[in-house]
Each structure stands twice: as structure tokens, then as C-alpha cells.
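**Q** Quick one: structure below, then a few questions.
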Amino acid sequence: LRLGSEVFIVYRRSKAEMPASKEELVAQEEEGIKTIFLANPTKILGSSRVEKIECVRMELGPPDETGRRRPVPVEGSEFVTDVDTVIPAIGQASDLKFLEGSGVDTPKGRWISTLKDGRTTVGGIFAGGDAATGAATVIEAIAAGKRAALSINDYLSGEKRADFKEESEIDLEEYEAREKLNLSKDYFPLKDIEHGERVKMPKRLVEERIRNFSEEELGYDEEMAVEEANRCLSCRKCIGCGICAEVCPLDAIEYDQTEERTEMDVEKIIFAAEMEEKIPPEEYMYQNLVTQIEFERMLSESGPYGGIIMRPYDGDIPKRIAFLQIQTQTDDDEYSPIAFKFLLQEAKSAEERGVDSCIFAHEIHEDTGDVKSLKIRDIKVTETEATKNLSLKYAVEGEKEEKEEEFEMVVLSVGFSLPEHVKEMGKLIGVKPEEIECRMPTVDSEIMKTEKDGVFIAV
């Protein structure tokens, strides 16, 4: 096209199956390049040079091994088009001859058969990227490498990491919703975010770019670049800038610190097994609903809120907060009293800051003093769209009628569990699993002896 030729593409499937990006297809149409869909070349005709190309019409049949519908020739539909040059684009494939005789399944010798986690048909051999999926993107290849790395770790260690999920096990919409909620709860009010479209990249005019090989995209000018940069949510993923170390008022961050191993001679070891907060169920994903640990960070003067209780959605100071302890069907009640004690402490902290607080729980494990508490049979939380307040519809133990109250914020206790890495650490210092008792953050502890001399546990 850029050398003055009239060009067209013959493609055997429809536009929906075309392995091209949206931007590529738009640019192709802008430049007037036509595509003959559902057609496949069968012969190149000519005496001493290329003069014509014969094609046959196709129709889409059942999906093939790539998931795309297989093109099937339509009998008697051949047609001929005048051409003087033909450029075949037949793709590429991996050279898998080195796997012959290894037992690894390579269908038709074109790709490696794998499970979603990268395992092949032979134990200890893993694969990913184009060699396993066919032509795809760099991003997909990197993701395959990460999945395979986790799978290799599982293979070598003999156990699956708790945070490793295959693609089929992840609800992407739920994951995205949780990430957005985490941003608003940890860093800035979601209400303040202005939604803006991506700044359109300026390009050369079509009539200009089809006559030369200059770069099509011209790049942003200063004003456009600033406008696009301002759309960034600053998701707090570390990029290695070092600013955090410079501005930390307590000089608590040693940015240049490197990992090192040291040996120390000690007379005693105190093992404190911190519990891990469980992830709230999907029905509790609301803007102004925070977990116990998120609320604890809010109370911390060195945390993102500077010790001020405020609603994550709009930054307003709440007047009423509901402290809610729930239990799922799979919950173990072993740590419920400890979680309740922690929740009560947080409710008292809110009361001390002038916030009206009320505890809702299936079991009131101890006297709550001046903090109002209700033992409930059932409870449902919903969000008011206009104000983002939270409505609690509940039934009190021993009462027939349901009640409903509205709160500006909810602190949710969904339970805690003992992390696997804590158990492994305990083994390293000679603590038996049955000796490990969990403690809650900020809750006073006492030191207990273990069966191993010089090793104690904080409970």
C-alpha cells in the first residue's frame, strides 16, 4: 500500500475469529485495505509470473483445537481474482523435535499439551507460552510462566500454596471489585475519583501515512501527557522510587536495606503466633464496610487515615458505626471469642472518639460495658445507593419481629485463622502444632512455657 500498490487480504474465517487487535483492524479500515472474509486460496495461476489467484468460499464448522470455529470449503464456490503478487502469511510453529520419545504429548507435533497450571503429560516437565497455546500475546506468555513457576513449586514441595489459584478458580469480576474497594479503604475516598476516558493518541492523517513508512502515532504533547497521567489511581504498587523513605516522619523505612542472614546467641525465644483475617464473603463488599484489620489501620496514627475514623467512600466522619461479627457455615468457633474481644476493643475506641457504636453478634462472649450489644439470630446488610449508608435488617435472639437500622459505616468481623507459615515456623524452633495458641493484634498477651526448654509462646 505504501509503495503504491492496491492490496487486499484473503482470510478463511470471519472478522470475529481474526487474530488481530482492535486497533489493527481499525487502522486497516482507515487506510482502505479490504478483506475478503470466509475465503481460502487454492491455486496461484500464471504462465511465467503470478497473474491470478484462485480461492474457494468457506463456511464455519465446529471449533478446532484452538477454540475457533473450523473453516470448511463450500463445494463449487471457487472464484478467481487478478493479482501480480502474493504474500503468504501461514503463521509459525514451535520446533518440538527435541521432545520426541520423552512421553510429552505434542498433538500433530505443533504444540505441547498442558493443564492450566503448566503441567505436561510427564511429571516434572512444564510448559507455557506460544509452545503450549499457539500464537498469543507477551502478557499471556508471562502469565503462563508465573503459573508454571507456582506449579513447579507445588511439585517440588508437595503442597499447594493457599494463595495460588488457577484461572478457572478466579472470579475476575469479583477480584476487580475487591481491588477497587481496597484502593478506597486504604488510600483515598472513592467519591473523589473523576472518571475520564483515555487521551486519544494523535496520528498522522491517513492520506499522509499511506505514502510513507514514518511512525503512524505522533505521541502526546506535554498537555496531553499530563492529562493522561492524571488519570492514574496511584495504586500504591511499589515502583522503586524511594519517596516513601524520604517522607516517613519516623525514618522507619530503610529503602536500601538488603536481605541478610545473621546468627544470634539467645537464652530464650518467645513465639507469638499472629492470626490471619479471613476474606469477607462477596455479599459484604460495600464501600463503607471495612474489616477489623482495616479499621485497626484506620485507628492507627501512623496509618493512611492518621488515626481519624472516616468513611472510605467520601471521607466523611461517621456518627454511627455497627460492629458486626458473622460466622460462615465452615467457620470454627475456636477463635470466635478472641475475635469478639478484638471487636469490642475497636468499638470502645470508636466510642472514645465520639462515635455511637453498636455490636451485633450471634454470641456475646463477654460483658460489653457501656457499648450497646445485640445477640442476633439473623442479619442482612444492604447499601443505600444515594448515601452509601448501610442498612442492617436483623432479628434479635428471643424476639419475633425483624428490625431495621441504618448506619453510616460497618466494621465486619468474619473470623481469623492460623496461617500455615506460622505452623511451619513453629516446627523450626521445636514448637508442636498443638502447643500453638493464637493471639490477636493489640490484645494483651501472657507468656507460656512449651515442652522445649527456653522456648515460650505468647497467648
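**Q** Name the single residue that is surrounded by the most Cβ atoms within 10 Å (Cβ to Cβ) among those in the stretch 115-137 being modelled with pLDDT of 90 or more and among the polar types (S, T, N, Q).
**A** In this case the residue turns out to be THR120.
**Q** Moving on. I'm checking my understanding of the structure. Among residues of the stretch 127-155 that are of a type in the set (Ser, Thr, Tyr) and under 21 Å from the mean Cα position of the chain (by Cα), which one is farthest from GLY103 (Cα to Cα)? Reasoning before the result, please.
**A** Taking the stretch 127-155 first, the residues of a type in the set (Ser, Thr, Tyr) are 133, 137, 151, 155.
Adding the requirement that they be under 21 Å from the mean Cα position of the chain (by Cα) leaves 137, 151.
On the way: THR137: 28, SER151: 19 Å.
Within the stretch 127-155, the match that is farthest from GLY103 (Cα to Cα) is THR137.
**Q** Going by the conditions given, is GLU254 farther than 23 Å from LEU418 by Cα and assigned to a helix (DSSP H, G or I)? Give the steps one after another, and end with the answer.
**A** Working: farther than 23 Å from LEU418 by Cα: yes; assigned to a helix (DSSP H, G or I): no.
Spelling it out, it is not the case that GLU254 is farther than 23 Å from LEU418 by Cα and assigned to a helix (DSSP H, G or I).
**Q** Could I ask something else about it? Restricting attention to the stretch 1-57, which residues are touching a helix residue (DSSP H, G or I) at 6+ places or on another chain (Cβ under 7 Å), charged (D, E, K, R) and part of a loop (DSSP other than H, G, I, E, B)?
**A** GLU31, the sole residue that qualifies.
**Q** Just one of the numbered conditions (1) surrounded by 14 or more Cβ atoms within 10 Å (Cβ to Cβ); (2) over 30 Å from LYS432 (Cα atoms); (3) modelled with pLDDT of 85 or more is not true of MET201; which one?
**A** So the condition that MET201 fails would be (1).
**Q** Can you go through THR85, THR114, THR121 and tell me which one is assigned to a loop (DSSP other than H, G, I, E, B), among the polar types (S, T, N, Q) and in contact with a strand residue (DSSP E or B) (Cβ under 8 Å, 6 or more places away or on another chain)? Write out each step before concluding.
**A** Details: THR85 fails: in contact with a strand residue (DSSP E or B) (Cβ under 8 Å, 6 or more places away or on another chain); THR121 fails: in contact with a strand residue (DSSP E or B) (Cβ under 8 Å, 6 or more places away or on another chain).
Checking each option against the conditions leaves just THR114.
**Q** Does VAL56 count as over 30 Å from VAL206 (Cβ atoms) and of a type in the set (A, V, I, L, M)? Break it down into steps so the answer makes sense when it comes.
**A** Numbers: over 30 Å from VAL206 (Cβ atoms): yes; of a type in the set (A, V, I, L, M): yes.
When the stated conditions are applied, VAL56 passes them.
**Q** Mind telling me which of the residues GLU351, GLU346 ends up being among the charged types (D, E, K, R), farther than 24 Å from MET285 by Cα and in the same structural domain as ILE293 (by TED's automatic domain parsing)? Break it down stepwise before answering.
**A** Details: GLU346 fails: farther than 24 Å from MET285 by Cα.
Step by step, each of GLU351, GLU346 is checked, and only GLU351 is among the charged types (D, E, K, R), farther than 24 Å from MET285 by Cα and in the same structural domain as ILE293 (by TED's automatic domain parsing).
**Q** Is there a residue being at pLDDT 90 or above and either basic (Lys, Arg) or on the phi > 0 side of the Ramachandran plot (or both) anywhere in the stretch 394-402?
**A** no
**Q** Pairs under 9 Å by beta carbon, first residue part of a loop (DSSP other than H, G, I, E, B) and of a type in the set (A, V, I, L, M) in the stretch 300-324, partner at pLDDT below 85 and surrounded by 13 or more Cβ atoms within 10 Å (Cβ to Cβ), six or more apart or different chains?
**A** Short answer, once both residue conditions are applied: MET310/PRO189.
**Q** Being modelled with pLDDT under 75 and within 20 Å of GLN327 (Cβ to Cβ) is the filter here; which residues of the stretch 404-442 pass it?
**A** CYS438, MET440
**Q** What are the residues in the stretch 380-405 that are in contact (Cβ under 8 Å) with a residue 60 or more places away in the chain and not β-branched (Val, Ile, Thr), if any?
**A** Residues satisfying the conditions are GLU383, LYS388, ASN389, LEU390, LEU392, GLU405.
**Q** Just to verify a result, which residue in the stretch 1-31, among those that are among the small types (Gly, Ala, Ser) and in contact (Cβ under 8 Å) with a residue 60 or more places away in the chain, is surrounded by the fewest Cβ atoms within 10 Å (Cβ to Cβ)?
**A** Here is the first cut: in the stretch 1-31, the ones among the small types (Gly, Ala, Ser) are 4-5, 14, 16, 20-21, 27.
This time we only want the ones that are in contact (Cβ under 8 Å) with a residue 60 or more places away in the chain, so: 5, 27.
On the way: SER5: 8, ALA27: 16.
Once the filter is applied, the top-ranked residue is SER5.
The values are calculated or read from the model by the stated rules, or taken from the named source; none is laboratory data. Remember, predicted model here, so these are calculated numbers, not experimental data. With ideal geometry, Cβ positions are generated from the backbone for all residues, glycine too; neighbour counts draw on all protein chains shown.
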